[in-house]
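Q: First the structure, which I've put down as structure tokens, then a few questions once you've had a look.
Quick note: the coordinates plus some simple rules give every number you see, no bench work behind them. Since this is a predicted model, take the numbers as computed values, not measurements. Cβ atoms come from the backbone with ideal geometry, glycine included; neighbour counts cover every protein chain shown.
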Amino acid sequence: MAATDAHDPGGTERPSVSLIYNPALRRVLYQVVTLAIIIWAVYFAATNVIQNLARANMTAGFGFLNSRAGFDVAQALISYTPDDTFFRALQVGLVNTLVVSFWGIITATIVGLLVGIGRLSNNWLIARLCTAYVELFRNLPPLLVIFFWYLGVLALLPTARELFQTIKDNPDKIFFLSNRGFYMPAPIFGEGFSLVVYALIAGIVAAICFAIYGNRRQLATGQRPPVLLVNLALIILPPVLTFVALGMPLSFDYAIPGNFNMRGGMSVGPEFIALYLALSLYTASFIAEIVRGGIRGVSRGQTEAAFALGLRSSHAMRLVVLPQAMRIIIPPLTSQYLNLIKNSSLAVAVGYADLVAVGGTILNQSGRSIEIIAIWMLIYVSISLTTSLFMNWFNAKMALVER
Amino acid sequence: MTDQTSSFVRHDFIAPAAPPTNDATAFGWMRRNLFATPVDATLTIIAALAILWYLPPAINWLFISAVWTGADRSVCTTVVAGGIQPEGWSGACWAYVGDRFVQFMFGSYPRDQLWRPLTVLVIAVALLIPLLMPKVPRKGLNAILLLVVMPIIAFFLLLGGSFGLRYVETSLWGGLMVTLILSFVGIVISFPFGILLALGRRSQMPIMKTVCVAFIELIRGVPLITVLFMASVLLPLFLTPGNNIDKFLRALIGVSIFASAYMAEVIRGGLQAIPKGQYEAADALGLNYFHKMTFIILPQAIKLVIPGIVNTFIGMFKDTSLVTIISMYDLLGIVKASFNDPTWGTPVTPLTGLVFAGFVFWIFCFGMSRYSLFIERRLDTGHKR
């Protein structure tokens, strides 16, 4: 059908040919038939849904989101009580999904980059270890890895009672790991602590400006100012000085043994740890392969040219090979990030209160399956599209600027 | 003009360099591959220490301390917990895997009917192996037998209810059998649908294109678990009231929808890689769209993306484990369900079961990825730039 243009008067010039062989007409016909089938399918489904809902004495609509949720969510990062609405519960779930995806993406990128470069290392042992890592995790279902951490490893950690005994023996410890999660002191910010944060932000801005100046200076004169040292000073000194000058307005709330479990402090549940570790390690194995492919996609001549210019191997990798490899790496990396976000929905299997787990609870309580699944799909598609847009922008920025 | 005689000319030979030392020894190899630079040496030592620290306990846990035979949980628990093992013992409980092995493979399929899934397995393997070997002829017939005839036989044999076979409802199916059926059917159904969707996406008909793009992007944008929920919860709502659509069939539909969208993108990659000249040549020969696609474009495009298809299959195989969440019992689901069984309830049971399930999944996926590499190298002939 691509052969003839829609405006080609092929059918009209030769009246002996039946009208049915007119490509333009055929094209319209095919589309009308497709559209008719789709409309019929939607109509069929819609009438059935209405009948089925009527039989179950239910109505469709999103009004139920404003009714009382009545269930508790174990790890709520924004304020939430069982008296809040379903809508608020879904927000809690969305925040949890975003949090685990965010940390997962960062960890997976770092681990994947290291393992990917490690696989190409001249060091025999490191290369073999990295290969073993990739081949192990790439060929396991992510759900199994989550179960492995949750049921296999974290469940074997000390119970709360055993932990209390340990605390009695060494009372100086402030970090604890038990099968109920990881406990650490929670910071309590005193008066004026926001000034420290402002000082830190100002320091970072100054550091970025200095780095830009350093690069310009190097391009212009060949002399590179000590950017690393100055930037470290710029980032560390202002907040520390402000902190000391204000009289250290920071204290900690330590986790202490309660009646049945640890009290106070900050804690991360085993569900989050299991999901986070599994998602990062699983995705890292794919990212490692992408990084390796990207680096191998940069021709050997580039490395040799860098060595010929006298660059050290770390500089050759960082300044010559990786920037070129990035162009090959970014598109598949994007799809791995999207996969990680989508795989975070496996949280429901271990009871981490992500979007799907909270939605599933609501679905069971209210029976609003159509609405809940529509919300899931809408949110995941929006997250996917946003991530794709961001990565496309990043890709365009990194792309080869050709004359 | 200045005199040039002042330039230096060497008149005598310099001493020959010493012959290269014999570096082909084990020490030479180590110097080059393990201790080339101080950083390398540090990394090597850290890695070696890590291996020495973790590997012996792992081997000990998996094999040496492991329990291989036994009838119930007592062989895998310490004396305090009512077993026979000494205090502080920990090791894999392979006796539990051995005891539950048939269940892990076939679920609750009636034990006296196990010849039925086994026959299907034999037929499938007998048809699959020649299809995978590039040198064996008659690929077309082989493919039709495997992809069309075998599923029909398998349907009647596994489900029963006709030809004098006992009816075995799908809720009794389970284990590796379900994993293999779900992924196989998913991939077989997704193949034609994937081709149609890919062609639709590249079509110039606006409505066709919009429908295909919307479907592919929607399904690829959401997690499989939401598609499975949709198939298991919404599908009965969409059909005429009072229908009773089988749960296994619902999961199959969900998996197939999901696989089709991914397959479409793989095939689209192949279609895009075919040079424009091929399309134009087919047009010049006067072939219509259907003939152009079936005889010229698709055979080349599919050949190009066989590795991608195998990768999709690996992904499907791993992803079928998600049906655990809609409470079906594939391999992972049945292993996980067996942790609650009091007969084998010990602290080491979950880890043992997961190591076993992981081993089975790993063998299948690793085998497929090796095959994909092999075929990639074999097919790496045409369209090379």
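Q: Would you tell me the mean number of C-beta atoms belonging to other protein chains that fall within 10 Å of each C-beta in A:114-126, as a whole number?
A: Taking the mean over all residues of the peptide, I get 4.
Q: In what sequence do B:LYS292, B:LYS276 fall when counting other Cβ within 10 Å, fewest first?
A: With the sparsest Cβ surroundings first, the list reads B:LYS276, B:LYS292.
Q: Write down, largest first, the equivalent ellipsoid semi-axes of chain A in whole Å, where each equals the square root of 5 times an eigenvalue of the alpha-carbon gyration tensor. Don't jump to the answer; show the numbers that get you there.
A: Working: eigenvalues 425, 307, 105 Å².
Whole-Å semi-axes of the equivalent ellipsoid: 46, 39, 23.
Q: Out of B:THR21, B:THR294, B:THR119, any idea which swings most in a Gaussian network model of chain B, alpha carbons joined below 10 Å?
A: Taking springs between Cα atoms under 10 Å, the residue moving most is B:THR21.
Q: Using alpha carbon coordinates only, what is the Rg to Rh ratio of the range A:276-386, with Rh defined as the Kirkwood radius?
A: Across the range A:276-386, the Cα-based Rg/Rh ratio is 1.23.
Q: So, one more: Taking the Cα centre as origin and putting +1 on Lys and Arg beta-carbons and -1 on Asp and Glu beta-carbons, what dipole magnitude results for the protein assembly as shown, to the nearest 20 debye?
A: 1660 debye
Q: Sort by residue number and name the cysteines in the protein assembly as shown that have no neighbouring cysteine Cβ under 4.7 Å.
A: Within the protein assembly as shown, the cysteines lacking a partner Cβ under 4.7 Å are A:CYS130, A:CYS209, B:CYS212, B:CYS365.
Q: List every residue whose amide H lies under 5 Å from the amide H of A:THR85, counting only residues 5 or more places away in sequence or on a different chain, with H placed 1.01 Å from N in the peptide plane.
A: For A:THR85, the qualifying residues are A:ALA69.
Q: Can you pull the mean other chain C-beta count within 10 Å for peptide B:346-353?
A: Values: counts 0, 2, 2, 2, 8, 7, 1, 3.
Average per residue, whole number: 3.
Q: Another question, if that's okay. Please list the non-local residues whose amide H lies under 5 Å from the amide H of B:SER90, H modeled 1.01 Å from N, same-chain partners needing a gap of 5 or more.
A: none
Q: Moving to a separate point now. Can you order the peptides A:67-74, A:318-325 by their average number of other Cβ atoms within 10 Å per residue, highest first?
A: A:318-325, A:67-74
Q: Of the candidates B:ALA301, B:ALA126, B:ALA18, which one comes out as most mobile in a Gaussian network treatment of chain B with C-alpha springs shorter than 10 Å?
A: B:ALA18
Q: Also, I was wondering about something else. Mind pulling the per residue volume of the convex hull built on the Cα atoms of the protein assembly as shown? Å³ is fine.
A: Numbers: hull volume 246.2 nm³, N = 788.
Hull volume normalised by residue count: 312 Å³.
Q: Still on this structure, please answer the following. What distance in nm separates the simple spin-label points at A:PHE71 and A:TYR43, each placed 7 Å from Cα in the Cβ direction?
A: 3.8 nm
Q: Using DSSP H assignments, which helices in chain A have an axial alpha-carbon span of 18 Å or above and a mean Kyte-Doolittle hydropathy of 1.6 or higher?
A: On the way: long enough: A:23-55 (48 Å, 1.02); A:86-119 (48 Å, 1.54); A:124-138 (21 Å, 0.91); A:193-221 (42 Å, 1.38); A:227-245 (27 Å, 2.51); A:270-297 (40 Å, 0.95); A:322-343 (29 Å, 0.31); A:369-398 (43 Å, 1.18).
Length and hydropathy pass: A:227-245.
Q: For chain A, set up a Gaussian network in which alpha carbons nearer than 10 Å are linked by springs, and say which option among A:ARG296, A:ARG27, A:ARG180 fluctuates the most.
A: A:ARG27
Q: So if R0 is 45 Å, what FRET efficiency would B:LEU239 and A:ALA220 give, r being the distance between their Cβ atoms, rounded to the nearest 0.05?
A: 0.05
Q: First measure r as the distance between the Cβ atoms of B:VAL213 and A:ALA396, then evaluate 1/(1 + (r/R0)^6) with R0 = 22 Å and state the FRET efficiency to the nearest 0.05. Can you show the working numbers first?
A: On the way: r = 21 Å, r/R0 = 0.97.
Approximately 0.55, to the nearest 0.05.
Q: Would you list which aspartates and glutamates come within 18 Å of B:LYS303, measuring only between C-alpha atoms, while excluding same-chain residues fewer than 8 positions from it?
A: Candidates past the 8-residue exclusion: B:GLU265, B:GLU376, B:ASP380.
Q: From the phi of every residue in the range B:261-273, what ³J(HN,Hα) in whole Hz does the Karplus formula 6.51 cos²θ - 1.76 cosθ + 1.60 yield, where θ is phi - 60° and glycine or proline is x?
A: Karplus values, whole Hz, x for Gly and Pro: 5, 6, 4, 4, 5, 4, 5, 4, x, x, 4, 6, 7.
Q: While we're on this one: Scan around A:PHE252 for amide H atoms under 5 Å from its own, H built in the peptide plane at 1.01 Å from N, and keep only partners 5 or more places away or cross-chain.
A: Close amide H contacts, sequence-distant or interchain: A:ILE188.
Q: For the range B:36-50, just list the computed ³J(HN,Hα) in residue order, Karplus coefficients 6.51, -1.76 and 1.60, θ = phi - 60°, integers in Hz, with x standing in for Gly and Pro.
A: 5, 10, x, 4, 4, 4, 4, 4, 4, 5, 4, 5, 5, 5, 4
Q: For the range A:341-385, what Kirkwood radius comes out of the mean inverse Cα-Cα distance, in Å?
A: Values: mean 1/r = 0.0933 Å⁻¹.
Taking the inverse mean of 1/r over all distinct Cα pairs, the range A:341-385 comes out at 10.7 Å.
Q: Using θ = phi - 60° and the Karplus form 6.51 cos²θ - 1.76 cosθ + 1.60, what ³J(HN,Hα) does each residue of the range B:147-163 get, whole Hz, x for Gly and Pro?
A: 8, 10, 6, 4, x, 5, 4, 4, 4, 5, 6, 6, 7, x, x, 9, 6
Q: Work out the length of the dipole vector of chain B about its Cα centre, built from +1 on the beta-carbon of each Lys and Arg and -1 on the beta-carbon of each Asp and Glu, and round it to the nearest 20 debye. It would help to have the intermediate numbers written out before the result.
A: On the way: 28 positive and 19 negative charges, 215 e Å.
The dipole magnitude comes to about 1040 debye.
Q: Moving on. Quick check on packing: order B:149-157, A:28-36, B:131-139, B:308-316 by the mean number of other C-beta atoms within 10 Å, highest mean leading.
A: B:308-316, B:149-157, A:28-36, B:131-139
Q: Right, something else. Calculate the mean, over all residues of peptide A:32-43, of how many other protein chain Cβ atoms lie within 10 angstrom of the residue's Cβ.
A: Working: counts 1, 0, 6, 3, 0, 1, 2, 0, 0, 1, 1, 0.
Across A:32-43, the average partner-chain Cβ count within 10 Å equals 1.
Q: In the range A:150-229, what chymotrypsin sites (Phe, Trp or Tyr not before Pro) fall in a loop by DSSP, with at most 14 other Cβ atoms inside 10 Å?
A: In loop regions of the range A:150-229 (DSSP not H, G, I, E or B), the sparsely surrounded chymotrypsin sites (Phe, Trp or Tyr not before Pro) are A:PHE175.
Q: Which entries in A:LYS342/B:LYS209; B:LYS135/B:LYS292; A:LYS173/B:LYS318; B:LYS139/B:LYS318; B:LYS209/B:LYS318; A:LYS397/B:LYS276 show an alpha-carbon gap greater than 32 Å?
A: Beyond 32 Å between Cα atoms: A:LYS173/B:LYS318.
Q: Round to the nearest 0.05 the FRET efficiency obtained for A:ARG296 and B:PHE155 when R0 = 56 Å and r is the Cβ-Cβ distance.
A: Using R0 = 56 Å, I get an efficiency of 0.80.
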